[in-house]
Amino acid sequence: MSPAVIHRLKRYRAIVIGDPQKFSLESRIFHTFSFFVLLILVFEVFFNIFIHMYVSAALAFGVLLTQSFFYYLSRSKNKLQLAVILSAVEVNVIKGFGYYYNDGITGATLLLFAASLFILMSVSHKKLWPFLLGFNVLVVVSVIITEYINPDVIKKHYETRGEQFADNIVSYLVTVILLYVGTAAIRQSYTRQKNLADEKALALELLNAEKVKLFSIIAHDLRTPLASVQQYFSVMSEVTIDAHERAEMEKNLVETIGKTQDLLTNLLKWAKNQMDGTSAHLQAVQLSSYLQETTELFQTIAIKKDITLTATADQTVTVRADPDMLQIVIRNLLNNAVKFTQNGGHVELKAVAEGNNCLISIADNGQGIPLSRQADIFSMNTTSTHGTQNEQGTGLGLVLCKDYTELQGGRIWFSSVEKQGTTFYILLPLVQLRLFTE
(Lines give C-alpha, C1' and ligand atoms only; values in the text may rest on other atoms or scores of the structure.)
Protein backbone atom coordinates (compact mmCIF):
# COMPACT_ATOMS: atom_id res chain seq x y z
CA MET A 1 0.00 0.00 0.00
CA SER A 2 1.42 3.38 -1.02
CA PRO A 3 2.30 6.04 1.61
CA ALA A 4 -0.31 8.38 0.13
CA VAL A 5 -3.08 5.80 0.62
CA ILE A 6 -1.89 5.05 4.16
CA HIS A 7 -1.85 8.76 4.97
CA ARG A 8 -5.37 9.17 3.57
CA LEU A 9 -6.65 6.21 5.59
CA LYS A 10 -5.12 7.63 8.77
CA ARG A 11 -6.77 10.98 8.07
CA TYR A 12 -10.19 9.34 7.55
CA ARG A 13 -9.67 7.26 10.69
CA ALA A 14 -8.95 10.41 12.69
CA ILE A 15 -12.13 11.99 11.31
CA VAL A 16 -14.29 8.99 12.27
CA ILE A 17 -12.70 8.06 15.61
CA GLY A 18 -11.33 11.41 16.79
CA ASP A 19 -7.98 12.97 17.52
CA PRO A 20 -6.20 11.35 20.51
CA GLN A 21 -5.20 14.84 21.64
CA LYS A 22 -8.86 15.90 21.92
CA PHE A 23 -10.76 12.73 22.82
CA SER A 24 -10.26 10.28 25.67
CA LEU A 25 -9.48 6.61 25.14
CA GLU A 26 -13.08 5.66 26.06
CA SER A 27 -14.47 8.18 23.56
CA ARG A 28 -12.34 6.84 20.73
CA ILE A 29 -13.37 3.24 21.51
CA PHE A 30 -17.04 4.29 21.59
CA HIS A 31 -16.63 6.00 18.20
CA THR A 32 -14.95 2.87 16.81
CA PHE A 33 -17.76 0.65 18.07
CA SER A 34 -20.42 3.03 16.85
CA PHE A 35 -18.92 3.17 13.36
CA PHE A 36 -18.84 -0.62 13.01
CA VAL A 37 -22.27 -1.00 14.63
CA LEU A 38 -23.74 1.43 12.12
CA LEU A 39 -22.22 -0.56 9.25
CA ILE A 40 -23.56 -3.80 10.73
CA LEU A 41 -27.02 -2.30 11.27
CA VAL A 42 -27.19 -1.25 7.63
CA PHE A 43 -26.42 -4.86 6.71
CA GLU A 44 -28.99 -6.21 9.23
CA VAL A 45 -31.74 -4.03 7.82
CA PHE A 46 -31.33 -5.51 4.34
CA PHE A 47 -30.59 -9.04 5.63
CA ASN A 48 -33.75 -9.16 7.80
CA ILE A 49 -35.81 -7.92 4.88
CA PHE A 50 -34.27 -10.66 2.74
CA ILE A 51 -35.27 -13.40 5.25
CA HIS A 52 -38.72 -11.82 5.72
CA MET A 53 -38.03 -10.60 9.27
CA TYR A 54 -39.69 -7.24 8.66
CA VAL A 55 -40.17 -6.30 12.32
CA SER A 56 -36.51 -7.05 13.02
CA ALA A 57 -35.58 -4.97 10.00
CA ALA A 58 -37.65 -2.07 11.31
CA LEU A 59 -36.05 -2.41 14.78
CA ALA A 60 -32.58 -2.48 13.21
CA PHE A 61 -33.42 0.66 11.26
CA GLY A 62 -34.61 2.36 14.46
CA VAL A 63 -31.37 1.44 16.22
CA LEU A 64 -29.45 2.74 13.21
CA LEU A 65 -31.08 6.16 13.51
CA THR A 66 -30.77 6.44 17.29
CA GLN A 67 -27.19 5.14 17.36
CA SER A 68 -26.24 7.69 14.71
CA PHE A 69 -27.56 10.38 17.04
CA PHE A 70 -25.61 8.98 20.01
CA TYR A 71 -22.44 8.88 17.91
CA TYR A 72 -23.08 12.53 17.04
CA LEU A 73 -23.50 13.35 20.75
CA SER A 74 -20.10 11.90 21.63
CA ARG A 75 -18.11 12.79 18.48
CA SER A 76 -19.41 16.33 17.89
CA LYS A 77 -20.68 17.39 21.33
CA ASN A 78 -18.13 15.43 23.40
CA LYS A 79 -20.86 14.02 25.70
CA LEU A 80 -19.66 10.44 25.99
CA GLN A 81 -21.35 9.37 29.24
CA LEU A 82 -24.74 10.68 28.13
CA ALA A 83 -24.33 8.82 24.84
CA VAL A 84 -23.43 5.61 26.72
CA ILE A 85 -26.44 5.82 29.05
CA LEU A 86 -28.86 6.50 26.19
CA SER A 87 -27.25 3.71 24.15
CA ALA A 88 -27.76 1.27 27.04
CA VAL A 89 -31.44 2.14 27.32
CA GLU A 90 -31.93 2.05 23.56
CA VAL A 91 -30.12 -1.23 22.92
CA ASN A 92 -31.71 -3.16 25.79
CA VAL A 93 -35.24 -1.90 25.18
CA ILE A 94 -35.14 -2.47 21.42
CA LYS A 95 -33.45 -5.84 21.79
CA GLY A 96 -36.08 -6.71 24.38
CA PHE A 97 -38.82 -6.12 21.80
CA GLY A 98 -36.70 -7.89 19.20
CA TYR A 99 -36.53 -10.94 21.45
CA TYR A 100 -40.32 -11.38 21.21
CA TYR A 101 -40.35 -10.82 17.45
CA ASN A 102 -37.30 -12.95 16.73
CA ASP A 103 -38.29 -16.42 18.01
CA GLY A 104 -37.33 -15.79 21.63
CA ILE A 105 -34.93 -18.25 23.22
CA THR A 106 -34.40 -20.08 19.92
CA GLY A 107 -33.49 -16.85 18.14
CA ALA A 108 -30.21 -14.93 18.15
CA THR A 109 -31.08 -11.95 20.35
CA LEU A 110 -29.34 -13.17 23.52
CA LEU A 111 -25.96 -13.08 21.74
CA LEU A 112 -26.53 -9.44 20.87
CA PHE A 113 -27.47 -8.64 24.49
CA ALA A 114 -24.08 -9.99 25.60
CA ALA A 115 -22.17 -8.14 22.86
CA SER A 116 -23.90 -4.84 23.64
CA LEU A 117 -23.05 -5.17 27.36
CA PHE A 118 -19.37 -5.72 26.55
CA ILE A 119 -19.32 -2.72 24.23
CA LEU A 120 -21.01 -0.35 26.68
CA MET A 121 -18.90 -1.39 29.67
CA SER A 122 -15.65 -1.00 27.72
CA VAL A 123 -16.35 2.64 26.88
CA SER A 124 -18.08 3.87 30.03
CA HIS A 125 -16.87 5.15 33.37
CA LYS A 126 -16.51 2.50 36.06
CA LYS A 127 -19.27 4.04 38.16
CA LEU A 128 -21.75 3.25 35.35
CA TRP A 129 -20.89 -0.47 35.26
CA PRO A 130 -23.38 -1.57 37.97
CA PHE A 131 -26.18 0.27 36.13
CA LEU A 132 -25.23 -1.20 32.73
CA LEU A 133 -24.91 -4.75 34.06
CA GLY A 134 -28.03 -4.54 36.22
CA PHE A 135 -30.17 -3.07 33.43
CA ASN A 136 -28.94 -5.65 30.92
CA VAL A 137 -29.55 -8.60 33.27
CA LEU A 138 -32.96 -7.21 34.28
CA VAL A 139 -34.14 -6.99 30.67
CA VAL A 140 -32.75 -10.43 29.72
CA VAL A 141 -34.21 -12.17 32.78
CA SER A 142 -37.57 -10.41 32.27
CA VAL A 143 -37.99 -11.48 28.63
CA ILE A 144 -36.87 -15.07 29.33
CA ILE A 145 -39.24 -15.46 32.33
CA THR A 146 -42.07 -13.92 30.32
CA GLU A 147 -41.49 -16.42 27.50
CA TYR A 148 -41.24 -19.31 29.95
CA ILE A 149 -44.54 -18.42 31.64
CA ASN A 150 -46.36 -17.47 28.45
CA PRO A 151 -44.76 -19.01 25.34
CA ASP A 152 -47.49 -17.55 23.13
CA VAL A 153 -46.00 -14.04 23.37
CA ILE A 154 -43.17 -15.15 21.07
CA LYS A 155 -43.77 -14.48 17.38
CA LYS A 156 -42.50 -17.13 14.99
CA HIS A 157 -41.17 -15.44 11.88
CA TYR A 158 -38.77 -17.99 10.49
CA GLU A 159 -40.38 -19.54 7.46
CA THR A 160 -37.73 -22.27 7.16
CA ARG A 161 -35.04 -23.87 9.30
CA GLY A 162 -32.52 -22.40 6.89
CA GLU A 163 -33.61 -18.85 7.78
CA GLN A 164 -33.30 -19.65 11.48
CA PHE A 165 -29.81 -21.06 11.03
CA ALA A 166 -28.80 -18.12 8.82
CA ASP A 167 -30.04 -15.59 11.40
CA ASN A 168 -28.17 -17.32 14.24
CA ILE A 169 -24.97 -17.59 12.21
CA VAL A 170 -25.12 -13.93 11.18
CA SER A 171 -25.81 -12.88 14.78
CA TYR A 172 -22.84 -14.94 15.91
CA LEU A 173 -20.62 -13.35 13.27
CA VAL A 174 -21.83 -9.87 14.26
CA THR A 175 -21.05 -10.62 17.91
CA VAL A 176 -17.60 -11.98 17.07
CA ILE A 177 -16.81 -8.97 14.87
CA LEU A 178 -17.85 -6.55 17.59
CA LEU A 179 -15.80 -8.39 20.20
CA TYR A 180 -12.81 -8.45 17.85
CA VAL A 181 -13.10 -4.77 16.99
CA GLY A 182 -13.52 -3.84 20.64
CA THR A 183 -10.61 -5.94 21.83
CA ALA A 184 -8.39 -4.68 19.01
CA ALA A 185 -9.30 -1.06 19.74
CA ILE A 186 -8.63 -1.49 23.45
CA ARG A 187 -5.35 -3.29 22.81
CA GLN A 188 -4.21 -0.72 20.26
CA SER A 189 -5.11 2.16 22.54
CA TYR A 190 -3.36 0.45 25.45
CA THR A 191 -0.22 0.01 23.35
CA ARG A 192 -0.35 3.64 22.24
CA GLN A 193 -0.77 4.86 25.83
CA LYS A 194 2.03 2.56 27.01
CA ASN A 195 4.38 3.86 24.33
CA LEU A 196 3.46 7.41 25.25
CA ALA A 197 4.11 6.67 28.93
CA ASP A 198 7.46 5.07 28.04
CA GLU A 199 8.43 8.14 26.01
CA LYS A 200 7.50 10.43 28.89
CA ALA A 201 9.45 8.25 31.33
CA LEU A 202 12.50 8.38 29.06
CA ALA A 203 12.16 12.15 28.68
CA LEU A 204 11.90 12.47 32.48
CA GLU A 205 14.96 10.28 32.92
CA LEU A 206 16.94 12.43 30.48
CA LEU A 207 15.71 15.58 32.20
CA ASN A 208 16.82 14.24 35.58
CA ALA A 209 20.21 13.36 34.10
CA GLU A 210 20.54 16.89 32.76
CA LYS A 211 19.52 18.28 36.14
CA VAL A 212 22.21 16.20 37.88
CA LYS A 213 24.75 17.42 35.33
CA LEU A 214 23.60 20.99 35.84
CA PHE A 215 23.99 20.81 39.61
CA SER A 216 27.43 19.25 39.23
CA ILE A 217 28.42 22.15 36.99
CA ILE A 218 27.12 24.65 39.53
CA ALA A 219 28.85 22.84 42.39
CA HIS A 220 32.21 22.64 40.62
CA ASP A 221 32.47 25.63 38.31
CA LEU A 222 30.91 28.22 40.60
CA ARG A 223 32.58 27.05 43.79
CA THR A 224 36.08 27.36 42.30
CA PRO A 225 35.90 31.06 41.28
CA LEU A 226 34.11 31.99 44.49
CA ALA A 227 36.91 30.30 46.43
CA SER A 228 39.43 32.37 44.44
CA VAL A 229 37.62 35.60 45.32
CA GLN A 230 37.46 34.59 48.97
CA GLN A 231 41.17 33.69 48.95
CA TYR A 232 42.07 37.05 47.41
CA PHE A 233 40.27 39.04 50.09
CA SER A 234 41.71 36.82 52.81
CA VAL A 235 45.22 37.49 51.56
CA MET A 236 44.50 41.22 51.30
CA SER A 237 43.35 41.35 54.92
CA GLU A 238 46.02 39.14 56.46
CA VAL A 239 49.20 39.54 54.40
CA THR A 240 51.11 42.60 53.24
CA ILE A 241 51.88 42.30 49.51
CA ASP A 242 53.68 44.64 47.13
CA ALA A 243 52.06 46.45 44.22
CA HIS A 244 53.28 43.97 41.59
CA GLU A 245 51.83 40.96 43.40
CA ARG A 246 48.60 42.86 44.05
CA ALA A 247 48.30 43.73 40.35
CA GLU A 248 48.92 40.10 39.34
CA MET A 249 46.32 38.81 41.78
CA GLU A 250 43.79 41.41 40.63
CA LYS A 251 44.42 40.44 37.00
CA ASN A 252 43.75 36.78 37.80
CA LEU A 253 40.70 37.79 39.80
CA VAL A 254 39.27 39.78 36.88
CA GLU A 255 39.78 36.80 34.56
CA THR A 256 38.11 34.50 37.09
CA ILE A 257 35.11 36.82 37.43
CA GLY A 258 34.85 37.09 33.63
CA LYS A 259 34.79 33.31 33.24
CA THR A 260 32.22 33.04 36.01
CA GLN A 261 30.06 35.65 34.30
CA ASP A 262 30.21 33.69 31.03
CA LEU A 263 29.23 30.55 32.91
CA LEU A 264 26.27 32.23 34.58
CA THR A 265 25.13 33.72 31.27
CA ASN A 266 25.11 30.33 29.56
CA LEU A 267 23.63 28.66 32.61
CA LEU A 268 20.74 31.10 32.98
CA LYS A 269 19.95 31.15 29.26
CA TRP A 270 19.96 27.36 29.09
CA ALA A 271 17.78 27.07 32.20
CA LYS A 272 15.31 29.64 30.83
CA ASN A 273 15.16 27.77 27.55
CA GLN A 274 14.40 24.50 29.37
CA MET A 275 11.76 25.94 31.70
CA ASP A 276 9.61 28.14 29.49
CA GLY A 277 10.55 27.13 25.97
CA THR A 278 12.35 30.17 24.58
CA SER A 279 11.15 31.12 21.11
CA ALA A 280 13.24 32.66 18.37
CA HIS A 281 12.42 36.16 17.06
CA LEU A 282 13.49 35.73 13.46
CA GLN A 283 14.50 38.64 11.26
CA ALA A 284 16.92 39.49 8.47
CA VAL A 285 20.54 39.53 9.66
CA GLN A 286 23.24 40.85 7.33
CA LEU A 287 26.15 38.56 8.16
CA SER A 288 29.21 40.42 6.90
CA SER A 289 29.16 43.29 9.42
CA TYR A 290 27.51 41.12 12.08
CA LEU A 291 30.26 38.49 12.06
CA GLN A 292 32.97 41.15 11.92
CA GLU A 293 31.60 42.85 15.05
CA THR A 294 31.33 39.53 16.90
CA THR A 295 34.86 38.52 15.89
CA GLU A 296 36.32 41.78 17.19
CA LEU A 297 35.21 40.79 20.70
CA PHE A 298 37.81 37.99 20.63
CA GLN A 299 40.66 39.84 18.98
CA THR A 300 42.27 40.79 22.30
CA ILE A 301 42.27 37.19 23.52
CA ALA A 302 43.53 35.98 20.13
CA ILE A 303 46.39 38.50 20.13
CA LYS A 304 47.53 37.33 23.58
CA LYS A 305 47.88 33.80 22.16
CA ASP A 306 49.31 35.07 18.84
CA ILE A 307 46.33 33.53 17.02
CA THR A 308 45.27 34.87 13.62
CA LEU A 309 41.51 35.43 13.77
CA THR A 310 39.70 36.29 10.51
CA ALA A 311 36.08 36.62 9.42
CA THR A 312 34.88 36.68 5.80
CA ALA A 313 31.36 36.85 4.42
CA ASP A 314 29.85 38.10 1.20
CA GLN A 315 28.16 41.49 1.61
CA THR A 316 24.93 40.11 0.11
CA VAL A 317 24.62 37.14 2.47
CA THR A 318 21.60 37.67 4.70
CA VAL A 319 20.04 35.01 6.90
CA ARG A 320 16.75 34.74 8.71
CA ALA A 321 17.77 34.40 12.34
CA ASP A 322 17.40 35.71 15.87
CA PRO A 323 20.32 38.18 16.30
CA ASP A 324 20.71 37.54 20.04
CA MET A 325 20.61 33.75 19.69
CA LEU A 326 22.95 33.80 16.72
CA GLN A 327 25.44 35.95 18.62
CA ILE A 328 25.41 33.53 21.56
CA VAL A 329 26.07 30.63 19.19
CA ILE A 330 28.90 32.39 17.31
CA ARG A 331 30.48 33.69 20.52
CA ASN A 332 30.50 30.25 22.14
CA LEU A 333 32.01 28.62 19.05
CA LEU A 334 34.64 31.37 18.62
CA ASN A 335 35.49 31.17 22.31
CA ASN A 336 36.04 27.41 22.00
CA ALA A 337 38.09 27.80 18.83
CA VAL A 338 40.44 30.34 20.43
CA LYS A 339 40.59 28.41 23.70
CA PHE A 340 41.62 25.11 22.08
CA THR A 341 44.06 26.56 19.52
CA GLN A 342 47.77 26.57 20.23
CA ASN A 343 49.81 29.80 20.31
CA GLY A 344 50.57 30.93 16.77
CA GLY A 345 47.58 29.10 15.31
CA HIS A 346 44.69 30.45 13.29
CA VAL A 347 40.88 30.60 13.53
CA GLU A 348 38.79 31.37 10.48
CA LEU A 349 35.11 32.29 10.42
CA LYS A 350 33.39 32.14 7.00
CA ALA A 351 29.84 32.52 5.68
CA VAL A 352 28.95 31.38 2.16
CA ALA A 353 25.67 30.96 0.33
CA GLU A 354 24.73 27.41 -0.65
CA GLY A 355 21.48 27.33 -2.57
CA ASN A 356 18.70 28.57 -0.31
CA ASN A 357 20.86 28.32 2.80
CA CYS A 358 23.89 29.99 4.33
CA LEU A 359 26.73 27.85 5.64
CA ILE A 360 28.68 29.42 8.51
CA SER A 361 31.92 27.68 9.43
CA ILE A 362 34.32 28.29 12.31
CA ALA A 363 37.57 26.42 11.70
CA ASP A 364 40.70 26.16 13.85
CA ASN A 365 43.93 24.20 13.71
CA GLY A 366 43.87 23.47 17.43
CA GLN A 367 44.06 20.32 19.46
CA GLY A 368 40.83 18.83 18.06
CA ILE A 369 38.18 16.76 19.81
CA PRO A 370 39.05 13.21 20.90
CA LEU A 371 37.01 10.59 19.11
CA SER A 372 35.73 9.24 22.43
CA ARG A 373 34.04 12.58 23.21
CA GLN A 374 32.58 13.41 19.80
CA ALA A 375 29.30 11.47 20.16
CA ASP A 376 28.28 13.42 23.30
CA ILE A 377 29.64 16.82 22.33
CA PHE A 378 26.19 18.45 22.06
CA SER A 379 24.69 16.74 25.12
CA MET A 380 24.81 17.22 28.86
CA ASN A 381 26.77 13.97 29.06
CA THR A 382 29.95 15.66 27.90
CA THR A 383 32.54 16.90 30.37
CA SER A 384 34.26 20.27 30.26
CA THR A 385 37.95 20.33 29.32
CA HIS A 386 40.73 22.89 29.69
CA GLY A 387 42.12 24.93 26.83
CA THR A 388 45.70 25.14 25.61
CA GLN A 389 46.50 27.66 28.38
CA ASN A 390 44.44 25.86 31.01
CA GLU A 391 41.31 27.91 30.22
CA GLN A 392 38.28 26.47 31.98
CA GLY A 393 35.06 25.38 30.30
CA THR A 394 31.58 24.51 31.54
CA GLY A 395 30.22 21.92 29.11
CA LEU A 396 27.09 24.04 28.60
CA GLY A 397 28.17 26.16 25.64
CA LEU A 398 27.69 23.58 22.89
CA VAL A 399 24.39 22.40 24.37
CA LEU A 400 23.17 25.98 24.16
CA CYS A 401 24.53 26.30 20.59
CA LYS A 402 22.56 23.25 19.45
CA ASP A 403 19.32 24.37 21.13
CA TYR A 404 19.51 27.91 19.76
CA THR A 405 20.51 26.85 16.24
CA GLU A 406 17.55 24.47 16.00
CA LEU A 407 15.18 27.10 17.42
CA GLN A 408 16.18 29.31 14.47
CA GLY A 409 15.33 26.55 12.01
CA GLY A 410 18.99 25.69 11.42
CA ARG A 411 21.34 22.78 11.86
CA ILE A 412 24.74 22.48 13.56
CA TRP A 413 27.43 19.83 13.20
CA PHE A 414 31.21 19.52 13.24
CA SER A 415 34.22 17.64 11.90
CA SER A 416 37.33 17.16 13.98
CA VAL A 417 40.64 15.33 13.89
CA GLU A 418 42.59 15.11 17.12
CA LYS A 419 45.73 17.31 17.14
CA GLN A 420 44.79 18.75 13.72
CA GLY A 421 41.81 20.97 14.42
CA THR A 422 38.04 21.30 14.44
CA THR A 423 35.47 22.93 12.18
CA PHE A 424 31.93 23.70 13.37
CA TYR A 425 29.21 24.26 10.75
CA ILE A 426 25.94 26.15 11.09
CA LEU A 427 23.33 25.97 8.33
CA LEU A 428 20.66 28.72 8.38
CA PRO A 429 17.96 29.74 5.87
CA LEU A 430 19.24 32.31 3.39
CA VAL A 431 17.14 35.40 2.76
CA GLN A 432 17.54 37.87 -0.10
CA LEU A 433 17.51 41.50 1.03
CA ARG A 434 14.97 42.45 -1.60
CA LEU A 435 12.36 40.29 0.14
CA PHE A 436 12.50 42.66 3.10
CA THR A 437 12.53 45.89 1.10
CA GLU A 438 9.59 45.29 -1.19
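Can you tell me which residue in segment 177-196 is modelled with the lowest pLDDT, limited to those that are over 16 Å from Glu26 (Cβ atoms) and surrounded by 13 or more Cβ atoms within 10 Å (Cβ to Cβ)?
Leu178
Take segment 297-311 and flag every residue that is closer than 14 Å to Leu326 by Cβ and part of a helix (DSSP H, G or I).
Of everything in segment 297-311, nothing turns out to be closer than 14 Å to Leu326 by Cβ and part of a helix (DSSP H, G or I).
Filter segment 89-132 for residues that are over 23 Å from Thr32 (Cα atoms) and either polar (S, T, N, Q) or outside any helix (DSSP H, G or I) (or both); which is modelled with the highest pLDDT?
The extreme case among them is Thr106.
So if I check each of Gly393, Gly366, which one is modelled with pLDDT under 85 and within 26 Å of Ile301 (Cα to Cα)? I'd like the intermediate steps shown before the answer.
On the way: Gly366 fails: modelled with pLDDT under 85.
That would be Gly393, the only listed residue that is modelled with pLDDT under 85 and within 26 Å of Ile301 (Cα to Cα).
Is one or more of the residues making up segment 57-72 modelled with pLDDT under 75 and buried (at least 18 other Cβ atoms within 10 Å of the Cβ)?
Initial filter on segment 57-72 (modelled with pLDDT under 75): none.
Within segment 57-72 (the criterion being modelled with pLDDT under 75 and buried (at least 18 other Cβ atoms within 10 Å of the Cβ)), the answer is no, since none of the residues qualifies.
Suppose the filter is farther than 29 Å from Arg13 by Cα, in the same structural domain as Ala184 (by TED's automatic domain parsing) and not aromatic (Phe, Trp, Tyr); does Gly104 pass it? Let's see the steps before the verdict.
Details: farther than 29 Å from Arg13 by Cα: yes; in the same structural domain as Ala184 (by TED's automatic domain parsing): yes; not aromatic (Phe, Trp, Tyr): yes.
Spelling it out, Gly104 is indeed farther than 29 Å from Arg13 by Cα, in the same structural domain as Ala184 (by TED's automatic domain parsing) and not aromatic (Phe, Trp, Tyr).
Identify all residues within segment 25-81 that are closer than 23 Å to Leu173 by Cβ and outside any helix (DSSP H, G or I); write none if there are none.
Ile51, His52, Met53 - these are the residues of segment 25-81 that are closer than 23 Å to Leu173 by Cβ and outside any helix (DSSP H, G or I).
Is it true that some residue in segment 143-150 is in contact (Cβ under 8 Å) with a residue 24 or more places away in the chain, within 30 Å of the chain's Cα centre (by Cα) and part of a helix (DSSP H, G or I)?
No, segment 143-150 contains no residue that is in contact (Cβ under 8 Å) with a residue 24 or more places away in the chain, within 30 Å of the chain's Cα centre (by Cα) and part of a helix (DSSP H, G or I).
Here's the yes/no breakdown for (1) at pLDDT below 85; (2) part of a helix (DSSP H, G or I); (3) under 20 Å from Thr405 (Cα atoms):
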site: Gly258; (1), (2), (3): yes, yes, no
site: Asn266; (1), (2), (3): yes, yes, yes
site: Ala271; (1), (2), (3): yes, yes, yes
site: Met275; (1), (2), (3): yes, yes, yes
site: Gln292; (1), (2), (3): yes, yes, yes
site: Thr295; (1), (2), (3): yes, yes, yes
site: Thr316; (1), (2), (3): yes, no, no
site: Ile330; (1), (2), (3): no, yes, yes
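The values are calculated or read from the model by the stated rules, or taken from the named source; none is laboratory data. Nothing here was measured: the structure is a model prediction, and the numbers come from that model. Because the Cβ atoms are built from the backbone with ideal geometry, glycine has one as well, and the counts that use them run over all protein chains shown.
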